[in-house]
Amino acid sequence: MNSAPIPSQSSATGDGIDQIVRSVISGEVVLFLGAGVHASKPAPPGQPDQLPDPRRPLFAGALAEALAHETRWTERFPKKPPKDHFQRVALDYELSIILDEQWKEWEQKGKDQGLPQPPVRPGSPNEAVDLRHRGRARLANAVQRAVTVGKTPSPALFALAELNFPLIITTNYDRLFEDALVTAKKNPTTAVYHREATARDEDPLQDPSPQNPFVFKIHGDINTPESLVITDEDYIDFVLRMTARGGLNPVPETFYFRLSKWPTLFIGYSLLDYNLRLLLKTLRQNKDRFPRSYSIDPWPDPLVARVWDSELGYVGFLANNLWEFVPELYRRVKGCEMPNYGE
C-alpha cells in the first residue's frame, strides 16, 4: 500500500526558501542549530559513504559508543546497543564510571593479589551522592574531549556565521558556532541553560543584531558542566523547567518575543527526534502567535510532516541536505558563491 504524499513539502521548497532568504536579508529570523550542522558532505551517487570527519564533534551514537567503552554497559545491558540509547548510556556513565574503574583495576591487578572484590553499587546514600557527583565531572570531561579536542567549525558553520542571524538557539554543547561568529568579526553574547529553578539568564542590554548576535545554549555549554542536558534524568528536569510558571522558564524573554514575530529556521535536526518535538511544543505552550518555521530535512518523516506541516501548520519542510541548502542560501543572500573555507 502506497504511503500518502506529504502535501506541502514541494511547495515549501520554493515558497519556503524565498521566505527564508527575505528574512535572512532583513535580519529577522531565529536560527535553531542542531548537531547535524557538523555533517560531512555526502558522497557522490554510487560512491560509498564517507567516514566521519575527525575535525567535527562526535554525533550522539558515536559518543554513546565511546562512553560505553569506558564502562561495563555491555555487561549490564547486553541487548541494548549503546548507539541507540545515548541518554541512558550517559546516565549509566555518570552513575557507574567510578565503581567500574575500580572493578577493572581489581580485575587487572587485585584479583591475582587476592584482594577483595570492589563493590558494584554504593554502600550508602551519601556514597551514592558522592559517586554521582564525581561521575558527573567525569562525564562532562569525556563529552568535552569528544566535542572540542581537535575540532574546528564546518564550512556550513562558517557560512551561517556570516549571514544575518541576530538570534540563535542551539542544542549543541560545543562552542564551534561561537568561534565561527568571532571569525566572521561578530560579537556574540551567550546565555546558557541552568538546571536550578531560580536561575535564568538575563537578556542583553542592547537589542541583538546580526553584528551582535545573542546565542542561547538551550541544552547547556561544555564550559559549564552542570548545565549539560545529556542524561535522561537531565531531560526530565529540562522539561519541568521549560513548563515552569511564574517566571521560572529558562529561555530569555528576547527569544520568546522574537519567536512570536519572526520565522525560525531549523538546521541540523530531524523532527523525527522526539526530544526536539517536545522542546518545540514547550516553546509554543500557551502561545498562539508563532510564524511558520522551516526545517531543512532531506528525508522528512511522512507522519511528522502530516501533523506538524499539514495539520498544525507549524513547520514547512525543505527537502534539502545541509550541503545543498547552505550554499544556496549563502549565494542568494550574499550574491556570491559560498567559500570553501579551506576544505
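Annotations for the structure displayed:
- Residues listed by number, region 37-67, amide nitrogen under 20 Å from ASN141 label point at 7 Å toward C-beta: 58, 63-67
- Between helix 274-284 and the chain: long-axis angle, C-alpha atoms, 0 to 90°, nearest 10: 60
- Translational diffusion of region 158-277, µm² s⁻¹ [Kirkwood Rh, Cα pairs; Stokes-Einstein; 37 °C; 0.692 mPa s]: 218
- Straight-distance candidates among the lysines for linking to LYS217, with alpha-carbon spacing under 20 Å and chain neighbours fewer than 8 residues away dropped: LYS151, LYS186, LYS281.
- Global form of the chain, assessed from the alpha-carbon gyration tensor, a/c cut-off 1.5: prolate
- Residue-wise HN-Hα coupling along region 180-193, computed from phi with Karplus coefficients 6.51, -1.76, 1.60 (Hz; x: Gly, Pro): 5, 4, 5, 4, 7, 6, 10, 10, x, 10, 10, 10, 10, 4
- Here the Karplus curve 6.51 cos²θ - 1.76 cosθ + 1.60, taken at θ = phi - 60°, turns the phi angles of region 65-75 into couplings of 5, 5, 5, 5, 5, 7, 10, 9, 3, 5, 6 Hz, with x standing for Gly and Pro.
- For the peptides 314-326, 205-217, the ranking by mean Cβ contacts within 10 Å, running from highest to lowest, is 314-326, 205-217.
- Here LYS104 is the anchor, and the lysines within straight C-alpha reach of less than 29 Å, apart from those fewer than 8 places off in the same chain, are LYS79, LYS80, LYS83.
- The dipole here belongs to the chain: it is taken about the Cα centre, uses +1 on the Cβ of Lys and Arg and -1 on the Cβ of Asp and Glu, and is about 220 debye.
- Among 300-307, 90-97, the peptide with the highest mean count of other Cβ atoms within 10 Å heads the list, and the full ranking is 90-97, 300-307.
- In the chain, taking the dipole from charged Cβ atoms about the Cα centre, the farthest positive-side position among GLN211, ASN223, LEU240 is held by LEU240.
- Pair-distance profile P(r), taking every C-alpha pair of region 97-163, with 5 angstrom steps and integer %: 3, 14, 14, 14, 13, 11, 8, 6, 6, 5, 4, 1, 0
- Length gained on full extension, GLU226 to ASP84: 48.7 nm, using 0.36 nm per residue less the C-alpha separation.
Computed from the coordinates by the stated procedures, all read-outs in this text should not be read as laboratory data. This structure is a prediction, so every number in the text was calculated from the model and none was measured. All Cβ positions, even for glycine, are placed from backbone atoms using ideal geometry, and neighbour counts span all protein chains on display.
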